[in-house]
Structure formats: C-alpha cells, structure tokens
Amino acid sequence: MTRESVIATAGLTKRFGRITAVDSVDLDVREGDVYGFLGANGSGKTTTVRMLLGLVLATSGQMEVLGQPMPSNWRDVLPRVGAMVEGSAAYPHLSGRRNLALIDAAGPGGQRADRKSRIAEALERVGLLAVDDRPVRAYSLGMRQRLGLAGALLRRPRLLVLDEPTNGLDPQGIQEIRKLLLDLNRTGTTVFLSSHLLTEIEQMCSRVGVLERGRLVLQAELADLRRATGRVEVRTPDVDLVRTLLDGVVEEYDATRLLVRESDPAGLNARLVRAGVRVTALAAEQRSLEDVVLEAAAASGDRFGGIP
Amino acid sequence: MRRWSVVVAGTLLLVAAIAGVHRLPAAESDVGAAELLRQVRGAEDHSWSGYIETEGALQLPDTDGFSDVGALFGERTTMRAWWHDGQHWRVAQLLLAGETDLIHRGDTTLRWDYERFDATLSRDPAIRLPRTADLVPPVLAARLLRGVDVDDVERIPAKRTAGVSAPGLRLVPPSDLSSIDHADVWLDPGSGVPLRVEVHADGADSPAFTSQFREFSSARPSTDEVSFEPPPGVEVGFDDVLDIADAANQYASVRPPDRVAGLERAASSDQAVGVYGRGMTEMIAIPIRDREADPLREQLAQTAGVDRSAERTAVSVGPLGVVLTGAAGEGGWLLAGTLTREALDRAADDVLADSVFLGDR
Amino acid sequence: MIRVELVKLVRNRRTWTTIAVIDALPVLVAVLLAVTDIGPRPGTGPAFLSAVLADGTLFPLAALGIVLPLFLPLAVAITAGEAIAGEAQQGTLRYLLIRPVGRTRLLVAKLVSIMAFVVLAVLVVAATAYLLGALLLGNESVSATGPASVSGSAMSTPELVGRTLLALGYAMLCMLGVAAVGLFLSTIARSPLGAALGTMALLVASTLLLTLDAADVLRAYLPTRYWLAFVDLFRDPILWRDVLRGVLLQLAYVVVFLGAAWANFMTKDVTD
C-alpha cells in the first residue's frame, strides 16, 4: 500500500447545532481506488462529500485532498476534481451544451480554445452527444444525470467524487455508467463513489468505507472483506449422507445445502464424489458485503450502547 | 467571526463619519456681544449666496390665500439664494419635482413657477404676506434686530454652521409685549452675515422657527446669477395684486388707527392694512371681507388651543398670535404677529374702536 | 466569471420579461397622455410629467420619475434576491463553487450582473420613452418653447441631452444600494422570494421614515433619501449637493452590505 493518498481525513467532524452529522471520520482513499462510500440515507455521506469539496465547513478535523489541505487550498485542489453532489443541476432554460460551456467558462483552467471539443468529448462519454439543443428543462431525469456526469468529466479530473451517480438511470444506463467509470479508473482516475446501494458498490469498488450514523464503522479493501471464510458450501440432495460422512465439520445445514468447515474445496469434492454423494454445486463460501456491513453496524451499535 | 468584526467596524466607521460631519465642535470666539451686534448690523448690505434650510414648528390653519404662509412656518423649506444687493437677488425654493424662484430687481419681483410653467412679474407692494425671501437668515435676522439695543443682546456659545464656527448672539425683545422669549443669531466671523437664526417662544425648549445656511459663500454673486430670462415661449404675466394682504391694503375702504396697544403704526402702512411695532414686537392688522373671513374663522376654530367667543376667534401657535374679530358670517380684522395674547386682544379692541370707515368707493 | 454572469443575464428570458414589464408603465402613461391630453395638476404626479405635454423630449426623464420609486427597485430586489438564493435553490450554486469559483469573486460578479441589469432596464426605458415622446407627445410645440431648466432658463439641446444622460446614470447608481442589500439578503435567505421581499421591506420602510419628522436622525442614512435628486441636475446652476450625497450614500451601502454578504457567505455551509 504505497500508492499516493488522494483523500485523507483525520477526525473530520461536522455538527449542525446540536446534531452531529459527521463524527470523527478518518477517510483514506488511495490513488487508483474506486472507493465505495456506503451509508444509508441520512448517515452523513453527503455532508462528508460536501466537506471534501469545501461546500460545508468542518467543525473540526483535518482534510487533505490530492495531497493538499482542504478547504484552505481549494484553488489548487478543486480544478483537478470533478464532482457530482446530490444529483445534477443546471440552468433549466439553457441547452446542455450551453450549461457546460458556462460552467467551464466560470472557473480557472477552462481554456476557451478547446472548450468545444472538450464538451463534445464529455458528452460523448456519457452518451449525450446526439442530444439536440433543447433546454435542460425538457430533459429526462436520466439525461440530467448524464449531463451532470459530463460536467464532472469536462476537465479530465484526477479525482471524481460522485454522489449517487446512477440515480434515475435505467438498468442499461447504469450499466453504461459503470463501464464508463471503470474505464476512467483504468486510465488513472481515482473514483470516490458514494451510494446507499450495496450492490452498486459491491460490483464496482476496490475499496469500501461504511458510514453509519455519522461514524465510519468500516474501511477496507473489498477483496479483504470478501476473503474466503474457510467454509465450503455444498448443495446436494443427499444431505444426510454428507452429514454422516463429514461428522464434526458440518456447521450448518438444511434440506439441500450444507456448510462445511474445510479449507480445500477440491479435495472435499473428490471425497464426496468418491463416497457416492450427488453434488449439485460446491464452492468455497465468501462473505457478502451485506453480511460485513450488517456485522460492522451491529458492532458499532454495541460499542455505543445502542442495539444489544 | 473575524470577517464579521471587520464589517461591523467598517459600518460603524461609516455611520460615525456621516454623523460626525454634522457634529464637529465649533471653535469659540472671544468677540463680545456689542462687537457682534455692530458686525451683524454692518453686514446688512453684504452680498452672499448659499443653500438654506428653514424649519418651522408652527402649525397654522390651512386656508385659501394663506396656505403658502402656513407651509413656510410649519414645514421644512430648502432654498438656494443669491444676494447681489438689496435690489438684486434671487431666491429659489427647491421643490421635490420643481422649483419656485423669486427674482428681485429694483422694486419688481418676478416669480417663476416651474410646475405651472409660468412667470409672473409684480411690483413690490408696501404690504404683503411673508414669502420665502423674507426667511433667509440675513433678512430674518435684520428684521428681528430692528429696535434691539446693546442692552438687549448677550453672547451665547458658537455653533458650527455651514462649515464654519459661527459665534452666537442672543437677542431679547426690548418690549414686554413681545411673545418671543428670545432669538438667537449666529454669524459668519468673516463677513458678519447671519448664518443661523432661531426664534424661541415663551417657555418652549425647541425653537419655533429655525433658518440656517447649509452652504454659504460671502462672495458677491454675479449679475447673471440674479437675473432671469424667461425660456422661449413663456409669456411673462403681470400681477396687480400679489396676495390677500396686498388686495386688502389697496381696496378696503377703511383706515386703521395710528396707535394700538401702545404700538405705533409703521410709516409704510398708510392704507387699509396697518403694521404696528417693529422687530420682535410686530403685528399686522388686515381688514377681511366676510367671504374670506368665514372659512378662515372655521379653520381657526379647529386649531388646537383655540379661544373662541361670539365676537372673536384667537389662536396662539408658538410665538405667533392670530386674532380674527367678528361673528360668523361677518367680515372682520385679522390681527397676526409676535405679540402676547393679552397685547393682541388689546390691539384688537383698539383697531375695532378707532378705525375709520371711508365709505364705498 | 463576470462574463459568465452577463451571458446568463442576457440569455435569460426573464431578464427581458422584467424589463418589458418595467417599460410597460411609462408606455401606458404616454399613450394615455397622448390620447386624453390631460396632464397632472401642477405640483402633483412624478417629476417632469406635467411638462411633458408641452415638450415631448422631456419624456425620458418623466419615465425615469415614473419607474424609479417602485418598479425599478422592485425589479432590482427580485434580481438581486435571485443572485445567491436562486442559484442555491436551483442547485447550481454548489457546481459553481466546486468548479471552483471563489466565493468573493462570485459575489462581485453577481453585483456586477445586477447592475448590468439596471443599466439595461434604464436604457430600454429611456429609449422607448424618447421614441414615444417624439412620436406621441408635445411635438407640435417643441419648436415654439424649447426645453427649459427647472429654474426657468433656456436649455440648448446638447445641454438637455447631457443632463438627461447624467440623470440616467444617477438613477442607475441609486440602485446600487438596493442591489447590495438584495445580494446580502440573498446569501441569508433560503428562498429568492424571501430575499426580494426583505429588500422591498427595507425600501418601503425607508420611504415611510422619510416622511416622518420623528425619524429625522435617520434621514441621512436612508437608502431612498436622495433618489429623486436627479431633478437637481436640471436646475440652473446644477445643484450637486444632494446628487453627490446620493452617490456617496449608495457607495456606503455597497461597502456595508457587500461586506456583510461577504462575511456571511464566506463561512456559509452550502447544503442546498
């Protein structure tokens, strides 16, 4: 783990009056990550994202984005960040193209000379190139979402911060966006993806952080989380036969399925087949992200005397 | 928080700067009262120009023929004036959406009214109602100073007026009949021209009338500034009769007595209207026909503190006393001036008793 | 950023609708005057309106007098109220700040854009009024009287044009204070309408207090105090006193309220 740090926070905390929205969060995002920032609605995800971008000022704690302190160095940091926060937004009476041109012209580094081509490129990437000059007012929710994404991509950022980017997209659209993000990641863009959808994060991310009621209860490589549990799942009609055969290592079973503690699935399979067991399916058991998250959440509840 | 304190400090600074400009302390002068009196008397023919504000607290009844006077004594008036000499001056009353200019030349006065788009020339009658040009500080002070002696004046602290520290002089009316408690005059230390005049009624804290320069120059204005050429297409009209006092003076067939309440009639009032006394103890008596007297009587009756009997309606507004004789439906004498109520009543008795009816002409 | 704001202003149809609404009132007045030939009684009505029947070239000024007390400040209050609160409500504020546009820079650009709106509105009103004055009003007598200053001296045409331009410029400046207050409230209020209403409330209060003798101490600080001083530009000689004070007062309002907007906006959490 020697990759450069892209987002690093220490004790990041935000209080709105007496409510603590984000409580002492230590994020660690490395270059090249697709970081999944998972949390239920209201868990403080969006507030954290806004703090990273300098929209909301932290009550306490430090932040570094792209190696520089935020929000004090926003001038250097933000031009290299593309972001979409809580859905896209645009001037409804203008066309998508004009919206992009305006936002590009508003800040630094949006060279006028190649603006047109950059806009075309961004629109193409998100699948909006064919769109006509109708005002954004007439866009569908999915089109708006794509436009927002195009805005984030406009200056080829090193870090993409996306808050629920697939909201409002149809399954095909979600697929396209997923592919787009993975493509970008492959060419060196770090992606920080916040979502409340487990599956989305499970399918795309290399690293996960889980926010629960303002606290970061889990942060790890997805691969580590999903490491084999040391058990093998066996599906067979001959459950009883297997139980007698493997007495002592069967941990769970029901009518068609058993969980066996065994580190060598191939050897187990050979043994079972040799004993005449009809095996429908056999695989090493992996933890699902859902299990991990629920476990972590329960543990955090424990720690703070919430749920017993 | 640091940003807010910067903003708050800046705001306070600005507010203080605006307030401070008006509250700069005045430098005191050690000139004595007698010397100031000499200076102000000597400056009566001095030329000047400036921007003037007058403010009256006298709520006079509002009736036709007197409404301009009511506004003059009861409201705030702003003027610009250029005083070349007593014969050549221009006083422009500034209105929100226009202006009314008086341009004086010799013994005629031209009145320009922008809102009516109209220019009218008139002779200066011997008797007339007060107008804006009578209330500019130098003219008002000259009037108040008439009859005042060295024994009637004392020094008061200087006051910052029109950007200069003006030494102050208090005038106390020489006569017991006056309803004015005192009048204060502050003058330009350079030229001796009065810059600010305050008239105080008996027993009142704030002045009943204030007239002051906001900007002042003692340089002689050019003749251009005191002349008037009507714009092309405007015909200059001519007024035979300036106002209700002038009309009564010219046409009423009565002659008021030579002396009322112990006050002498002024030499200039030799027709139907009598002017008695001078300076701070002055009164005018105007004979009024029934159709003008009646509405005036009704208006007076509605004024706060009215004193009404069958034969007389009397009102005191600050130092100004007004008495109208006669019962409802009759004409009568209108007496107005800075006399005590008692003196005014005596004057009314004398006018009624001693005026001479000349018969229909 | 300023250029972007100007493009947004010009490309927004609402800008032009608002200007059209402002412009409609003097147009209506011109048509009514031309049809009925009944001017306001002397001393009543907005400045210069009674003179318009005789001299149509004064109508741009009369139009200014018509829109300056209410219509123009109302439009400025609404435009200024939109500035930050409108962007926030639309969600575009966060994208501008992420882009990144510095917050101070954004405020200044917004103020410039509001003032550009004022300039546009005043120029449109003056131009239409000039045309209407020439076409509908008093054209038969123009040659006979010629323009006269408020003080009654004759004015040459170049002089009239010059003073009219000065008056237009002054009227624009008078809106600076409204714009700054509106901008400040726009950084506080959640909705643009709230900011606009707050600004209007201040102006109404100011107008009311001006008529109250008891509020004498406050007079010098009231934003509407010197608005009608553009009439002074038509006196002879020009009376600069109130005009200068008016300009200084507006600048003071800009310093104070732009400063307050800045102080508030710099540390504001953008959560819309």
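What follows is calculated from the coordinates using simple rules that are stated; it is not laboratory data. All of these numbers come straight from a predicted model, not from anything done at the bench. So basically every Cβ, Gly included, is an ideal-geometry build from the backbone, and we count neighbours across all protein chains shown.
Overview of results
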item: Kirkwood Rh, Cα atoms: Rg over Rh of region C:174-243; result: 1.08
item: Taking only Cα atoms of the protein assembly as shown, radius of gyration then Dmax in Å; result: 42.6, 155
item: Net charge over other residues, Cβ less than 15 angstrom from the Cβ of C:L111 (K, R count +1; D, E count -1); result: +2
item: Rg/Rh (Cα only; Kirkwood hydrodynamic radius) as it applies to region B:316-361; result: 1.04
item: Pairwise label distance in nanometres, A:T59 with B:S222, each label 7 Å out on the Cα-Cβ vector; result: 7.2 nm
item: 12 Å beta-carbon shell around B:D294, net charge (K/R +1, D/E -1); result: -2
item: Debye, to nearest 20: dipole size of chain B, +1 on Lys, Arg Cβ, -1 on Asp, Glu Cβ; result: 1140 debye
item: Cα gyration tensor of region B:244-357 - equivalent ellipsoid semi-axes, whole Å, descending; result: 20, 17, 12
item: Using a Förster distance of 30 Å, the FRET efficiency for A:S206-A:T20 (Cβ separation, nearest 0.05); result: 0.50
item: 0 to 90° range, to nearest 10: angle between helix A:265-274 axis and chain A longest Cα axis; result: 40 degrees
item: Average projection area in nm² (convex hull over Cα atoms of chain C, one quarter of hull surface); result: 15.1 nm²
item: Residue exposure sequence - B:W112, B:W4 - by fewest surrounding Cβ within 10 Å; result: B:W4, B:W112
item: Sequence-separation-based contact order of chain B, relative, with Cα cut under 8 Å and 6+ spacing, percent; result: 17 percent
item: Förster radius 30 Å - calculated FRET efficiency between A:Q175 and A:A281, Cβ distance, rounded to 0.05; result: 0.65
item: Between 0 and 90°, nearest 10: helix A:141-153 axis offset from chain A longest Cα axis; result: 70 degrees
item: Convex hull volume per residue in cubic angstrom - Cα atoms of region A:228-286; result: 66 Å³
item: Helical contribution to [θ] at 222 nm, DSSP H n ≥ 4, -39,500 (n - 2.57), averaged over chain C, rounded to 500; result: -24000 deg cm²/dmol
item: Contact order relative to length of region A:228-286, as percent, for alpha carbon pairs under 8 angstrom and 6 or more apart; result: 51 percent
item: Prolate/oblate/rounded call for region B:153-289, Cα gyration tensor, a/c under 1.5 rounded; result: oblate
item: For a label point 7 Å along the Cα-to-beta-carbon line of C:L70, residues of region B:89-124 with backbone N under 20 Å; result: B:96-97
item: Estimated FRET transfer efficiency when R0 is 56 angstrom, pair C:L165-A:R80 (beta carbons, to 0.05); result: 0.70
item: Angle between chain A longest axis and helix A:171-186 axis [Cα atoms, degrees, rounded to 10]; result: 80 degrees
item: Rounded Å value of the spacing that divides the Cα centres of region B:284-361 and region B:116-180; result: 25 Å
item: Positive-end residue, the protein assembly as shown charge dipole about Cα centroid, Cβ charges, pick of A:V34, C:A205, A:T244; result: A:T244
item: Cα gyration tensor shape for region C:1-48, rounded if a/c is under 1.5, else prolate or oblate; result: prolate
item: Over 23 Å between alpha carbons, listed pairs A:K116/C:K8; A:K14/C:K268; A:K14/A:K45; A:K14/C:K8; result: A:K14/C:K8
item: C:L123-B:T108 pseudo-label distance in nm [points 7 Å out on the Cα-to-Cβ vector]; result: 4.9 nm
item: Rounded D (µm²/s) - chain A, Kirkwood Rh over Cα pairs, Stokes-Einstein at 37 °C, 0.692 mPa s; result: 150 µm²/s
item: Rounded if a/c under 1.5, otherwise prolate or oblate - region C:1-130, Cα gyration tensor axes; result: prolate
